[in-house]
Every structure is written in C-alpha cells, then in structure tokens.
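Visitor: Questions regarding the structure given below will be posed in turn.
The values are calculated or read from the model by the stated rules, or taken from the named source; none is laboratory data. Bear in mind the structure is a predicted one, so any value in this text is a computation, not a measurement. Cβ coordinates were reconstructed from backbone atoms using ideal geometry, including for glycine residues, and neighbour counts include every protein chain displayed. Accessible surface is based on the protein model in full, side chains and every heavy atom, while ligands, DNA and RNA are left aside. Shrake-Rupley method; radii C 1.70, N 1.55, O 1.52, S 1.80 Å.
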Amino acid sequence: MGVEGGEVRRAPIFFIAVILIMLVMSIAAFILAITVYLTQNTVEYMNIILSASAILLSIYLLLQMRRRTLGPSLEPLKVLTVIRCVGCNYESRREFERGDYILKEIGQCPKCNGTLYIHSIFREVKEKEKTY
Amino acid sequence: MFTETLLVSIQQPSASQDYMGWIFQVIWILAFIIVWIYGQRIQTTLMLKEIEGSLSKLKAMRDRSRQITISAIKEIGKPNEDPTARIDRLLEHVDIEPVSLDPTGIIRRLEHIIDVREFRFKDEVRQMAPQADETQINNLTNVLEAALALNQIYKIVRHYYLMGKKTLSFYIILQIQMLLPLIMRESEAFANAIKAFTLGQPIGDGAGALVAARLMHGREKRLISKDTIVSEVDIDGRKAYVIKAVGPGGNVGKPGEAIRQILEEKEGRVALIIIIDAAQKLEGERPGEVVEGVGVAIGGPGVDKYKVEEVAAKYRVPLSAILIKEGIEDVVSTMRKEIVDGVEEAIARIRRLIRENTKEGDTVIIAGVGNTIGIAQ
C-alpha cells in the first residue's frame with residue numbers, strides 16, 4: 001500500500017494500467033484502419049478519427065498524471081535581505097544569511113557613516129497577472 | 001468532398017467497419033453494465049487511489065519535517081544525548097480542550113491550558129538544546145510545532161483513508177476527498193514553514209508585528225506582559241502605546257493582556273485602540289492588500305480577543321482593525337514582498353486613522369499581532 005512504509009508512489013498503478021490499455025487499443029484500431037486503406041484503398045474516416053483522438057487523449061492523461069504527482073514541493077526559496085541606513089537613503093540588497101533578522105544593526109553606512117540595519121527580509125514570488 | 005466520402009463510408013460500411021462496429025457495440029454494452037452495477041465501487045476505488053497519493057505525499061512531508069527538526073536541534077542545541085526519542089514523543093503530543101458543558105470561566109481555563117502547553121514545549125526544547133539561546137529556543141519550538149501539525153494532519157487523513165478502505169463507505173471517503181485540496185495546501189505551507197522557522201526568517205503571520213516594530217524602532221521599550229513589550233511613541237501629537245511580542249525569536253506574546261493592562265492603568269482614558277494583524281485572503285484577492293474594519297483583529301484560540309473585547313466594552317473605547325491579507329500558504333511561509341509593501345501601507349493607514357479619529361494630546365493603543373519570528377524591535 002505504501003502508506004506506512006516505503007517511498008512515495010509517483011502515480012496510482014491502476015490508472016496507468018487503464019490508460020496504457022486504452023493507448024494500446026487505440027493504436028491497434030488506428031493500425032487496422034491504415035491497413036484497410038492500404039489493402040482495400042478505402043478511407044475509414046470514423047475509425048481514423050476515433051482512434052487518433054483516443055491516442056491523443058491517453059497521451060494527454062499520461063502527461064497530466066506525471067505532472068500532478070511530482071512529490072512534495074519543498075524546493076528552496078530565494079530570500080532577500082534589504083539593508084538601509086538610518087541617516088541617509090542608502091539601500092542595498094543581498095541574499096538572506098543565517099542570523100539575519102529585521103531591525104538588526106549590521107555596521108556603518110559607506111555614504112554617511114550612519115548605522116546600517118536590516119529593513120526587511122522577503123521572498124519574491126512571480127505570479128501571472130490576473131485580469132479579474 | 002470530405003463530407004461526401006464520410007457519408008458514403010458510413011452508409012456503405014466495409015467488412016472491417018462491420019467487424020469493428022460489433023466490437024464497439026459489445027464494448028459499450030459491457031461498459032454500461034459495469035458502470036450500472038459497479039459505478040459507485042469504481043468511484044470509491046478512484047477516490048481511495050487519489051487519497052492514497054496525497055497520503056504518500058503527506059507522509060513524505062511529515063518524515064522530512066521530523067528529520068529537519070532533529071537536525072536543527074542537534075545543530076543549534078548541541079545536545080549531550082540523541083534527541084530523536086524525545087522529539088518522537090513530542091510529535092505525538094495532544095492538547096485536551098477544557099470542558100464546555102458549563103461555559104463559565106472557560107476562557108480562563110483555556111488560557112491556563114495554553115500557558116501550560118507553551119511552557120512544557122519550551123522546557124522540553126530547552127532540555128534538548130542546552131546550547132541554544134532564548135531566541136533559538138523560541139524558533140526551535142516553532143519548528144517542533146510545525147512538525148507536530150504535519151504529523152497530526154497525516155494521521156487524521158490516514159485514519160479516514162483506512163476507515164474508508166475498511167468500510168468501503170462512499171460518504172466517509174467522499175468527505176476526506178473533497179477536503180483534500182485544502183488539506184494539501186495547508187500541509188505544504190507547514191512544510192515550507194519548517195525551513196523559515198529553522199533559519200529564523202520572518203513569516204507572513206508577522207505582518208502585524210512588523211508594523212509595530214517599524215513604529216517603535218529606536219524608542220524605549222518595557223516588558224508589559226509575558227513575552228510582550230510596549231513602547232511609547234509620539235504620532236502627530238498623540239501618545240501611542242505600541243505593543244508587540246518580543247522578537248526576533250518565534251513568539252506571539254500576550255497582546256490581549258497587554259492592552260487590558262494599559263487600559264486599566266489609564267482607567268479607560270484611551271481614545272482609540274488599533275489592532276493590526278494578518279488575515280486570510282479570499283481567492284482572487286491580492287496578497288498584501290490592506291483592509292480596515294472594527295473589532296478585535298486577534299486570531300488564535302480567542303483568549304486575547306476575549307480580553308480586549310471585555311475591557312474595551314467596559315470603558316467604551318472604540319476598536320479599529322487593520323488587516324493585511326494573505327493566502328493560507330503565506331501565513332507560515334517566509335514573508336513575501338507584497339506583504340512587506342502591505343506593512344508600509346498599514347502604517348500610513350494607522351496615521352490617517354489617528355488623525356481622523358483622535359485629537360492632539362489623546363492616548364491611543366496600537367497592537368501589532370502575530371508571530372514575531374525574524375523581527376526585532
């Protein structure tokens with residue numbers, strides 16, 4: 001079953017089996033329609049259309065299944081630290097380092113010798129523009 | 001041309017078409033019979049397969065979070081003995097809510113249970129991580145809380161899955177399958193939170209705390225209640241008591257108790273209370289969007305909210321709320337840029353609210369609510 005022990009299953013075997021059977025059958029039907037055309041010179045439009053669409057559908061379902069079950073999304077995030085000066089408008093950005101926190105004082109300003117502090121820490125997320 | 005050929009091919013079927021026609025008819029009849037007799041069973045099996053897939057994913061997240069917790073405690077706390085057994089015991093920790101049959105005094109009893117739980121967790125972490133300072137202990141406690149949440153979610157989903165499999169009850173399986181997308185979103189948020197807590201990064205829930213931190217930056221502070229500080233700040237000629245939890249460790253403090261104490265000290269002579277907190281956005285809303293309202297914007301079990309409502313009603317002090325909207329996946333994940341922008345907008349709104357609703361010389365209370373991990377003062 002793979003719930004209590006073992007590794008993460010990528011996709012249910014049952015679904016893959018059904019889709020693969022559908023794919024094999026539709027390829028067989030397509031080959032049969034082509035053979036009829038080659039031997040009898042008759043174009044079986046209905047069979048060609050049905051079998052071709054079944055092939056496409058099963059490929060689409062296989063791809064969808066693969067995309068849906070890629071495992072937990074624990075990819076590392078890009079986190080930025082923004083540093084500002086208390087006295088002037090100096091600002092710099094760098095990647096987050098362990099020990100950083102907001103309002104931590106981290107040295108002197110190269111422009112005015114004022115105190116530099118961490119103004120903000122954030123991750124940037126790219127999202128599609130919504131029109132609704 | 002195509003239509004004509006198609007019509008001819010349909011009207012005058014060839015031998016192979018006839019043969020295939022029979023096959024298709026038999027397949028259709030078989031499919032109809034199977035769906036008619038076993039329809040619900042097939043649907044149940046499909047749903048169980050879907051739950052099983054999600055359950056495997058939940059198990060992977062649970063195991064990974066447990067592993068990260070053990071590594072973090074070993075790395076930061078430098079324990080003398082292996083903390084694995086202790087962590088495993090804590091991951092099975094349960095909280096028993098107070099009896100609600102007689103609701104009198106339930107808030108006081110609930111607060112006591114919450115306090116005991118918090119004390120117990122921090123004490124366990126302190127014993128496991130003797131080299132960790134107070135900030136790191138708070139952060140490690142947060143890591144443990146997130147791992148505990150993932151373990152609980154996994155076990156509940158597994159319970160429904162196994163129960164559904166055992167009984168083959170369509171409705172038991174249906175209810176967990178319907179909730180699964182929301183459960184997975186929340187679980188992924190917790191899985192991401194583990195990393196943020198380990199590194200001590202500010203999280204989305206800390207939006208309110210960040211507002212308060214900005215306002216009190218560079219001012220005198222004093223401890224007012226457990227893990228909570230207050231600072232007196234002048235805003236446009238008004239005296240503002242700004243409240244937040246003590247950072248940069250992972251803390252929520254006791255903002256309700258702090259507001260109650262200030263109001264009692266001032267005998268109710270406060271013109272306005274403004275509470276800023278992160279709030280869950282609706283789908284379609286922009287993260288970091290700032291909205292205003294009235295009432296006590298304090299989430300959680302309701303102890304702090306109750307205290308503020310009680311004391312504000314006693315002295316008839318107006319309550320304003322400023323909410324910074326964010327998705328469920330952002331609440332416990334590293335703070336995103338839009339929320340930081342929302343914080344700046346919330347500060348501007350606080351100033352406007354104070355200007356419009358109070359006069360010079362008045363006293364106001366501003367409380368930034370939320371987990372202050374990664375945010376000092």
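Visitor: Among the residues of the stretch B:230-261 satisfying the criterion of being β-branched (Val, Ile, Thr) and open to solvent by 20 Å² or more (accessible area, probe 1.4 Å), which is nearest to B:Gly206 (Cα to Cα)?
Guide: Only one residue fits best here, namely B:Val252.
Visitor: Name the one entry in B:Glu329, B:Glu310, B:Glu283 that is assigned to a loop (DSSP other than H, G, I, E, B), surrounded by fewer than 23 Cβ atoms within 10 Å (Cβ to Cβ) and among the charged types (D, E, K, R).
Guide: On the way: B:Glu329 fails: assigned to a loop (DSSP other than H, G, I, E, B); B:Glu310 fails: assigned to a loop (DSSP other than H, G, I, E, B).
Just a single option satisfies the conditions, and that option is B:Glu283.
Visitor: Give the stretch B:148-179 a look and list any residue that's open to solvent by 40 Å² or more (accessible area, probe 1.4 Å), away from every other protein chain (no Cβ under 14 Å) and farther than 19 Å from B:Leu91 by Cβ, or say none.
Guide: Listed by number, the residues that qualify are B:Thr167, B:Leu168, B:Tyr171, B:Leu174, B:Gln175, B:Met178, B:Leu179.
Visitor: Next up: Give me the pairs: first residue in the stretch B:316-336 and in the same structural domain as B:Leu282 (by TED's automatic domain parsing) and farther than 19 Å from B:Asn192 by Cβ, second residue charged (D, E, K, R) and part of a strand (DSSP E or B), beta-carbon distance under 6 Å, and six or more apart or on different chains, which are they?
Guide: Here the result reads B:Ile322/B:Glu292, each pair linking the stretch B:316-336 to a residue that is charged (D, E, K, R) and part of a strand (DSSP E or B).
Visitor: Of B:Leu179, B:Leu210, which residue is of a type outside the set (Val, Ile, Thr), at pLDDT 90 or above and in the same structural domain as B:Ile156 (by TED's automatic domain parsing)? Let's see the steps before the verdict.
Guide: Values: B:Leu210 fails: in the same structural domain as B:Ile156 (by TED's automatic domain parsing).
Exactly one residue qualifies, and that residue is B:Leu179.
Visitor: Among the residues of the stretch B:116-136, are any in contact with a Leu (Cβ under 7 Å, 6 or more places away or on another chain) and not in a helix (DSSP H, G or I)?
Guide: yes
Visitor: (1) assigned to a strand (DSSP E or B); (2) open to solvent by 10 Å² or more (accessible area, probe 1.4 Å): which one isn't true of B:Gly218, the others all being true?
Guide: Here B:Gly218 clears every test but (1).
Visitor: Working carefully through the options B:Leu182, B:Leu110, B:Leu140, B:Leu148, find the one that is touching a Leu at 6+ places or on another chain (Cβ under 6 Å) and assigned to a helix (DSSP H, G or I).
Guide: Every option except B:Leu148 fails the conditions.
Visitor: Select, from B:Ile68, B:Ile42, the only residue that is assigned to a helix (DSSP H, G or I), among the aliphatic types (A, V, I, L, M), open to solvent by 20 Å² or more (accessible area, probe 1.4 Å) and at pLDDT below 90.
Guide: B:Ile42
Visitor: If you scan the stretch B:52-102, which residues turn out to be over 28 Å from B:Glu134 (Cβ atoms) and free of Cβ contacts under 8 Å to residues at least 12 places away in the same chain?
Guide: B:Gly53, B:Ser56, B:Ala60, B:Asp63, B:Val99, B:Ser100, B:Leu101, B:Asp102
Visitor: Let me ask something additional. Do you know which of the residues in the stretch A:115-132 that are more than 7 Å from chain B (Cβ to nearest Cβ), touching a Gly at 6+ places or on another chain (Cβ under 8 Å) and modelled with pLDDT of 90 or more is surrounded by the most Cβ atoms within 10 Å (Cβ to Cβ)?
Guide: Per the stated criteria, the residue is A:Leu116.
Visitor: Out of the residues in the stretch B:71-101 meeting the condition of being under 26 Å from the mean Cα position of the chain (by Cα) and of a type in the set (Lys, Arg), tell me which one is surrounded by the most Cβ atoms within 10 Å (Cβ to Cβ).
Guide: B:Arg86
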